[in-house]
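Data block below; observations after.
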Amino acid sequence: MSKKSVSQSKSVLSQVMLPSQANPGGKVHGGEIMKMMDTCGGVAAMRHAKMNVVTVKVDELEFFQPIKVGQLVICDAEVAFVGRTSMELKITVKVEDLMSDSPAIVALSAFFTYVALDIQGNPHSVPELVLETDEQREIFEVRKHRYLEKKSAFNSY
Ligand SMILES: CC(C)(COP(=O)(O)OP(=O)(O)OC[C@H]1O[C@@H](n2cnc3c(N)ncnc32)[C@H](O)[C@@H]1OP(=O)(O)O)[C@@H](O)C(=O)NCCC(=O)NCCS
(Lines give C-alpha, C1' and ligand atoms only; values in the text may rest on other atoms or scores of the structure.)
Protein backbone atom coordinates (compact mmCIF):
# COMPACT_ATOMS: atom_id res chain seq x y z
CA MET A 1 0.00 0.00 0.00
CA SER A 2 1.21 3.53 -0.79
CA LYS A 3 2.55 5.87 1.86
CA LYS A 4 1.34 9.38 2.50
CA SER A 5 2.91 12.32 4.31
CA VAL A 6 1.24 14.34 7.07
CA SER A 7 1.21 17.47 4.89
CA GLN A 8 -0.60 15.69 2.05
CA SER A 9 -3.78 15.37 4.08
CA LYS A 10 -3.65 18.40 6.41
CA SER A 11 -6.97 20.22 6.61
CA VAL A 12 -8.00 23.70 7.83
CA LEU A 13 -11.51 24.95 8.53
CA SER A 14 -12.35 28.48 9.72
CA GLN A 15 -15.57 30.14 10.68
CA VAL A 16 -16.67 33.38 12.40
CA MET A 17 -18.75 32.56 15.50
CA LEU A 18 -22.36 33.77 15.45
CA PRO A 19 -24.84 34.53 18.29
CA SER A 20 -26.84 31.38 17.42
CA GLN A 21 -23.77 29.31 18.40
CA ALA A 22 -23.40 30.87 21.84
CA ASN A 23 -25.00 31.03 25.27
CA PRO A 24 -26.69 34.25 26.50
CA GLY A 25 -23.32 35.39 27.87
CA GLY A 26 -21.80 35.35 24.36
CA LYS A 27 -19.55 32.31 24.94
CA VAL A 28 -19.64 29.72 22.17
CA HIS A 29 -21.03 26.24 23.04
CA GLY A 30 -18.33 23.55 23.28
CA GLY A 31 -20.41 21.27 21.05
CA GLU A 32 -20.27 23.80 18.18
CA ILE A 33 -16.48 23.71 18.26
CA MET A 34 -16.40 19.91 18.60
CA LYS A 35 -18.56 19.59 15.46
CA MET A 36 -16.11 21.84 13.54
CA MET A 37 -13.21 19.73 14.83
CA ASP A 38 -14.91 16.50 13.75
CA THR A 39 -15.63 17.92 10.27
CA CYS A 40 -12.07 19.20 9.87
CA GLY A 41 -10.54 15.94 11.15
CA GLY A 42 -12.88 13.90 8.93
CA VAL A 43 -11.68 15.78 5.84
CA ALA A 44 -8.01 15.12 6.68
CA ALA A 45 -8.75 11.45 7.44
CA MET A 46 -10.60 11.04 4.12
CA ARG A 47 -7.73 12.75 2.30
CA HIS A 48 -5.32 10.27 3.86
CA ALA A 49 -7.46 7.15 3.33
CA LYS A 50 -9.21 8.20 0.10
CA MET A 51 -12.36 6.53 1.37
CA ASN A 52 -15.25 7.09 3.74
CA VAL A 53 -14.40 7.33 7.45
CA VAL A 54 -16.30 7.21 10.75
CA THR A 55 -15.38 8.81 14.06
CA VAL A 56 -14.79 6.25 16.82
CA LYS A 57 -13.06 8.12 19.62
CA VAL A 58 -12.16 11.52 21.04
CA ASP A 59 -9.20 11.80 23.43
CA GLU A 60 -7.71 14.59 25.50
CA LEU A 61 -10.29 17.23 24.57
CA GLU A 62 -9.36 20.23 26.63
CA PHE A 63 -10.68 23.80 26.45
CA PHE A 64 -7.90 26.24 27.41
CA GLN A 65 -9.67 29.43 26.48
CA PRO A 66 -13.30 30.65 26.10
CA ILE A 67 -14.41 31.48 22.54
CA LYS A 68 -16.64 34.51 22.01
CA VAL A 69 -19.19 35.56 19.40
CA GLY A 70 -17.47 37.46 16.56
CA GLN A 71 -14.14 35.65 16.90
CA LEU A 72 -12.68 33.64 14.04
CA VAL A 73 -12.22 29.95 14.91
CA ILE A 74 -9.51 28.15 12.94
CA CYS A 75 -9.40 24.33 13.14
CA ASP A 76 -6.28 22.60 12.00
CA ALA A 77 -6.18 18.80 11.57
CA GLU A 78 -3.16 16.58 10.91
CA VAL A 79 -2.80 12.81 10.89
CA ALA A 80 -0.76 12.03 14.02
CA PHE A 81 -0.73 8.22 13.87
CA VAL A 82 -2.12 5.40 11.73
CA GLY A 83 -2.84 1.83 12.78
CA ARG A 84 -4.07 -0.69 10.21
CA THR A 85 -7.51 0.78 9.51
CA SER A 86 -7.63 3.57 12.11
CA MET A 87 -6.14 7.07 12.00
CA GLU A 88 -5.58 9.44 14.92
CA LEU A 89 -5.85 13.09 14.02
CA LYS A 90 -4.41 15.90 16.12
CA ILE A 91 -6.84 18.77 15.96
CA THR A 92 -5.86 22.19 17.19
CA VAL A 93 -8.28 25.09 17.43
CA LYS A 94 -7.08 28.68 17.43
CA VAL A 95 -9.11 31.83 17.92
CA GLU A 96 -8.41 35.15 16.26
CA ASP A 97 -9.86 38.52 17.15
CA LEU A 98 -10.42 40.00 13.71
CA MET A 99 -10.53 43.57 15.11
CA SER A 100 -7.04 43.44 16.61
CA ASP A 101 -3.48 42.82 15.47
CA SER A 102 -2.96 40.11 18.12
CA PRO A 103 -2.00 36.73 16.70
CA ALA A 104 -4.45 33.80 16.90
CA ILE A 105 -4.14 31.83 20.15
CA VAL A 106 -4.74 28.14 20.86
CA ALA A 107 -8.15 27.67 22.52
CA LEU A 108 -8.33 23.87 22.58
CA SER A 109 -6.98 20.67 21.13
CA ALA A 110 -7.84 16.98 20.99
CA PHE A 111 -7.12 13.69 19.24
CA PHE A 112 -9.96 12.26 17.13
CA THR A 113 -9.79 8.65 15.91
CA TYR A 114 -11.40 7.70 12.59
CA VAL A 115 -11.71 4.31 10.92
CA ALA A 116 -11.64 3.97 7.12
CA LEU A 117 -14.52 1.97 5.65
CA ASP A 118 -14.79 0.26 2.26
CA ILE A 119 -17.99 0.45 0.21
CA GLN A 120 -19.47 -2.47 2.15
CA GLY A 121 -18.90 -0.52 5.38
CA ASN A 122 -16.08 -2.78 6.64
CA PRO A 123 -12.82 -1.40 8.11
CA HIS A 124 -10.19 -1.07 5.37
CA SER A 125 -6.42 -0.60 5.61
CA VAL A 126 -5.02 2.92 5.18
CA PRO A 127 -1.68 4.17 3.74
CA GLU A 128 1.34 4.26 6.04
CA LEU A 129 2.24 7.68 7.41
CA VAL A 130 5.38 9.50 6.29
CA LEU A 131 6.65 11.70 9.14
CA GLU A 132 8.41 14.89 8.08
CA THR A 133 9.37 16.70 11.29
CA ASP A 134 10.75 15.85 14.73
CA GLU A 135 7.49 17.08 16.30
CA GLN A 136 5.47 14.68 14.09
CA ARG A 137 7.82 11.81 15.02
CA GLU A 138 7.44 12.61 18.74
CA ILE A 139 3.63 12.75 18.61
CA PHE A 140 3.54 9.56 16.50
CA GLU A 141 5.53 7.64 19.13
CA VAL A 142 3.27 8.80 21.98
CA ARG A 143 0.08 7.90 20.07
CA LYS A 144 1.56 4.56 18.95
CA HIS A 145 2.35 3.72 22.58
CA ARG A 146 -1.28 4.43 23.60
CA TYR A 147 -2.63 2.48 20.60
CA LEU A 148 -0.53 -0.59 21.49
CA GLU A 149 -1.45 -0.30 25.18
CA LYS A 150 -5.16 -0.24 24.28
CA LYS A 151 -4.75 -3.22 21.91
CA SER A 152 -3.03 -5.31 24.57
CA ALA A 153 -5.68 -4.34 27.18
CA PHE A 154 -8.40 -5.47 24.71
CA ASN A 155 -6.60 -8.75 23.96
CA SER A 156 -6.26 -9.59 27.64
CA TYR A 157 -10.08 -9.60 28.18
C1 LIG B 1 -15.66 1.69 13.31
C2 LIG B 1 -16.29 0.32 13.31
C3 LIG B 1 -16.80 -0.01 11.91
C4 LIG B 1 -15.18 -0.68 13.71
O5 LIG B 1 -15.74 -1.93 13.74
P6 LIG B 1 -15.02 -3.12 14.56
O7 LIG B 1 -15.86 -4.31 14.41
O8 LIG B 1 -14.67 -2.62 15.92
O9 LIG B 1 -13.73 -3.33 13.69
P10 LIG B 1 -12.31 -3.77 14.19
O11 LIG B 1 -12.34 -4.45 15.51
O12 LIG B 1 -11.69 -4.48 13.03
O13 LIG B 1 -11.55 -2.38 14.42
C14 LIG B 1 -11.21 -1.56 13.32
C15 LIG B 1 -10.32 -0.46 13.81
O16 LIG B 1 -11.07 0.41 14.63
C17 LIG B 1 -10.37 0.63 15.84
N18 LIG B 1 -11.36 0.91 16.89
C19 LIG B 1 -12.56 0.31 17.04
N20 LIG B 1 -13.18 0.85 18.11
C21 LIG B 1 -12.35 1.79 18.62
C22 LIG B 1 -12.39 2.68 19.72
N23 LIG B 1 -13.44 2.74 20.54
N24 LIG B 1 -11.35 3.50 19.93
C25 LIG B 1 -10.27 3.49 19.13
N26 LIG B 1 -10.16 2.67 18.06
C27 LIG B 1 -11.18 1.83 17.82
C28 LIG B 1 -9.59 -0.65 16.07
O29 LIG B 1 -8.51 -0.45 16.96
C30 LIG B 1 -9.14 -0.97 14.66
O31 LIG B 1 -8.02 -0.16 14.34
P32 LIG B 1 -6.73 -0.76 13.54
O33 LIG B 1 -7.25 -1.51 12.34
O34 LIG B 1 -5.95 0.46 13.14
O35 LIG B 1 -5.98 -1.63 14.50
C36 LIG B 1 -17.48 0.19 14.31
O37 LIG B 1 -16.95 0.23 15.65
C38 LIG B 1 -18.49 1.29 14.15
O39 LIG B 1 -19.23 1.35 13.18
N40 LIG B 1 -18.57 2.21 15.14
C41 LIG B 1 -19.49 3.32 15.09
C42 LIG B 1 -18.90 4.49 14.35
C43 LIG B 1 -19.88 5.62 14.23
O44 LIG B 1 -21.02 5.40 13.93
N45 LIG B 1 -19.42 6.87 14.46
C46 LIG B 1 -20.24 8.02 14.53
C47 LIG B 1 -20.72 8.49 13.21
S48 LIG B 1 -19.43 9.03 12.16
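The set of residues in the stretch 121-130 being away from the ligand (no atom under 11 Å from the Cβ) and open to solvent by 40 Å² or more (accessible area, probe 1.4 Å) consists of GLU128, VAL130. Applying the set (1) within 10 Å of the ligand (Cβ to nearest atom); (2) outside any strand (DSSP E or B) to SER100 leaves exactly one unmet item: (1). Look at the stretch 4-21: where a residue is under 10 Å from GLY70 (Cα atoms) and among the polar types (S, T, N, Q) and a partner is surrounded by 14 or more Cβ atoms within 10 Å (Cβ to Cβ) and modelled with pLDDT of 95 or more, sitting 6+ places away or on another chain with Cβ atoms under 6 Å, you get GLN15/VAL73. Among the residues making up the stretch 116-157, those that are among the β-branched types (Val, Ile, Thr) and in a loop (DSSP other than H, G, I, E, B) are ILE119, VAL126, THR133.
Against the conditions (1) within 12 Å of the ligand (Cβ to nearest atom); (2) open to solvent by less than 70 Å² (accessible area, probe 1.4 Å); (3) part of a strand (DSSP E or B), LEU61 satisfies every one except (1).
Yes or no, residue by residue, for (1) in contact (Cβ under 8 Å) with a residue 60 or more places away in the chain; (2) more than 16 Å from the ligand (Cβ to nearest atom); (3) assigned to a helix (DSSP H, G or I):
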site: MET37; (1), (2), (3): yes, no, yes
site: GLY42; (1), (2), (3): yes, no, yes
site: MET46; (1), (2), (3): no, no, yes
site: LYS57; (1), (2), (3): no, no, no
site: PRO66; (1), (2), (3): no, yes, no
site: GLY70; (1), (2), (3): no, yes, no
site: ASP76; (1), (2), (3): yes, yes, no
site: VAL79; (1), (2), (3): yes, no, no
site: VAL93; (1), (2), (3): yes, yes, no
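Based on this model, can you work out whether GLY31 counts as away from the ligand (no atom under 12 Å from the Cβ) and either part of a helix (DSSP H, G or I) or over 22 Å from TYR147 (Cβ atoms) (or both)? So GLY31 fits the description; yes.
When the criteria are applied in full, GLU88 meets the requirement of being part of a strand (DSSP E or B) and either at pLDDT 95 or above or within 22 Å of LYS144 (Cβ to Cβ) (or both). Across the stretch 108-118, not a single residue is classified as away from the ligand (no atom under 11 Å from the Cβ) and open to solvent by 30 Å² or more (accessible area, probe 1.4 Å).
The values are calculated or read from the model by the stated rules, or taken from the named source; none is laboratory data. All figures in this text were calculated on a predicted structure; none of them were measured in a lab. Using ideal geometry, Cβ is built from the backbone for each residue, glycine included, and neighbour counts are taken over all protein chains shown. We work out accessible area using only protein heavy atoms, side chains counted, and drop any ligands, DNA or RNA first. Shrake-Rupley method; radii C 1.70, N 1.55, O 1.52, S 1.80 Å.
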